[in-house]
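The values are calculated or read from the model by the stated rules, or taken from the named source; none is laboratory data. All values reported here derive from a predicted model rather than from experimental measurement. With ideal geometry, Cβ positions are generated from the backbone for all residues, glycine too; neighbour counts draw on all protein chains shown. What goes into the accessible areas is simple: the full protein's heavy atoms, side chains included, and nothing from ligands, DNA or RNA. Shrake-Rupley method; radii C 1.70, N 1.55, O 1.52, S 1.80 Å.
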Amino acid sequence: MAINESLSMKSIFHAVTYFLLTLTPAFAIGEVTTYTLDNGMEVVVLEDHRAPIVTHMVWYRVGSADEAPGKSGIAHYLEHLLFKGTDNLKSGEFSEIVAANGGTGNAFTSYDYTAYYQRVSADRLGLMMKIESDRMQNLKLTAEEVLPERDVIIEERNSRTDTNPNALFSEHRQALMYKNHGYGIPVIGWRHEIAQLTRQDAIDFYKKYYAPNNAILVVAGDVQPEEVLKLANEHYGPRIPSDAIKTRVRPQEPPKRAPVHTVFEDPRVRQPYVIREYLSANRKSGDQAEAAALTIFAELLGGSGVTSFLGQRLQLEQKVALNVGAWHSATSYDRDGFGMYVVPAQNVSLQEAEDALDAALTAFIDEGVDQEHLDRIKTQIDASTIFEQDNQESVARSYGEGLTTGLTIQDIQDWPNVLAAVTAQDIMDAARNVLDPKASVTGWIRAPQEAAK
């Protein structure tokens, strides 16, 4: 069980891996077949006949950004509770069955979705559907199990966030960026609100959102589409749709009228750095061009280390930075972030690092895109397309993530081609649009003694 804030918690480490994740080609594994069951559940089948293995995933169109005010953390809390008992399985038996059949499985929660998955031998697919469909609507939430699990969540927050200054800093910046939207609240929830969650909160959330007409079944592996449909009708078909499922409507951010600058101090900080994020465009169904341009702009700017624009300027030429990076959170239901960071070199202050960053951004706008660098990045996209063919789970995940954030099958399949079609002019237009100081949050993180210096 995990929290997925790769689209959400923008930390210094996020930029290192994001580019490859966002460029993965969703269509690399065989044929794609789709169905819709009578109860509204969508089914996506991705054929991969190289080995008798299957990845079985159920994605729900609900995440932490859909939580009611004051109930932060309930989506992640319920994810934990789904591993408790049902009318047919005792507590913990779900995971025991998966392991006994040679499989692995887990779950994760993000701002926009909650997903559950197993990876097993292809001949065990029917069994995975049987037990997964069981907990879709037969969960038993007893007080004896619900309340102790809340303490587990609080301890998870202690270990992952409250003891980690970088995680606390990320939460702080997100709350400053999103004053009105749920993306400003951590996926795991605020500690004081987690402590107040009740058994009834979990029951209400479960009954409202855990229904076939709010779910997407993604099956990737050594399967035939007709057989998957037969099994899906057998196991998921009897599940009753929910009348509470409506089109998602979330509070949106008001216009940003002034830049925000914050200084976060914590005695546990060992390496100070500057990080900045702008509110930016996400991938939209039928309109992914700007998001694609921003994704490649992030790679040009800081996604490839010392070979990037910031790397060349701040690390190699000016020697004011130990490390730099940039990222764009393209796949999200609502507008998300475009960001960058600079880790200053020894004896370089955070103010000097920020000034150097500002000067480099101005220089990029003045000088434009290096076409050779852009060509290299597009070659990397082609390489990642080939590499992705070997990762069945990642391909399945790209479909689930895309569909739960408002994209269509066609959008997901088109994404690599949209990226490949990005021009230097597209990048410059997107850069000028996103680098709006009024829509930015800049943060410094340092130990208290850094202020004295």
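Spin-label model, Asp162/His192: points 7 Å from Cα along the beta carbon direction are separated by 1.3 nm.
For the chain, the share of accessible area belonging to carbon and sulfur comes to 51 percent (1.4 Å probe, ligands and nucleic acids excluded). When both region 335-386 and region 276-294 are represented by their alpha-carbon centers, they are found 17 Å apart.
Averaged per residue, the chain has 41 square angstrom of accessible surface, using a 1.4 angstrom probe with ligands and nucleic acids left out.
Using the Cβ-Cβ distance between Gln351 and Arg432 with R0 set to 22 Å, the FRET efficiency from 1/(1 + (r/R0)^6) comes to roughly 0.30. Dividing the helix sum by the residues of the chain, where each DSSP H run of 4 or more adds -39500 (n - 2.57), gives a mean residue ellipticity at 222 nm of -12000 deg cm²/dmol. DSSP beta bridges fully contained in the chain are about 75 percent antiparallel. Over region 287-351, Cα pairs under 8 Å with separation of 6+ residues give a relative contact order of 28 percent.
Against the chain, whose longest principal axis is taken from its Cα atoms, helix 371-388 shows a tilt of about 20°. Its residue count N sets the reference 2.2 N^0.38 Å, and the alpha-carbon radius of gyration of region 242-286 equals 1.97 times that reference. Most tightly packed first, judged by the mean number of other beta-carbon atoms within 10 Å of their residues, the peptides 181-190, 162-171, 262-271 read 181-190, 162-171, 262-271. Given a Förster distance of 56 Å, report the FRET efficiency between Gln425 and Thr142 from their Cβ-Cβ distance, rounded to the nearest 0.05. The formula returns an efficiency of 0.40 here. The coefficient of translational diffusion for region 312-360, derived via Stokes-Einstein from the alpha carbon Kirkwood radius under 20 °C and 1.002 mPa s, stands at 182 µm²/s. Computed from the Kirkwood radius of its Cα pairs, the Stokes-Einstein diffusion coefficient for region 278-365 at 37 °C and 0.692 mPa s stands at 245 µm²/s. Express the relative contact order of the chain as a whole percentage, based on alpha carbon pairs under 8 Å and six or more residues apart in sequence. After rounding, I find 24 percent. Derived from the Cα gyration tensor, the three semi-axes of the equivalent ellipsoid of region 173-230 are 35, 18, 10 Å, largest first. Contact order, relative form, for region 249-334: 24 percent (alpha carbon pairs under 8 Å, 6 or more residues apart, mean separation divided by residue count). Between Gln449 and Asp287, the FRET efficiency estimated from the beta carbon spacing at R0 = 41 angstrom works out to 0.25.
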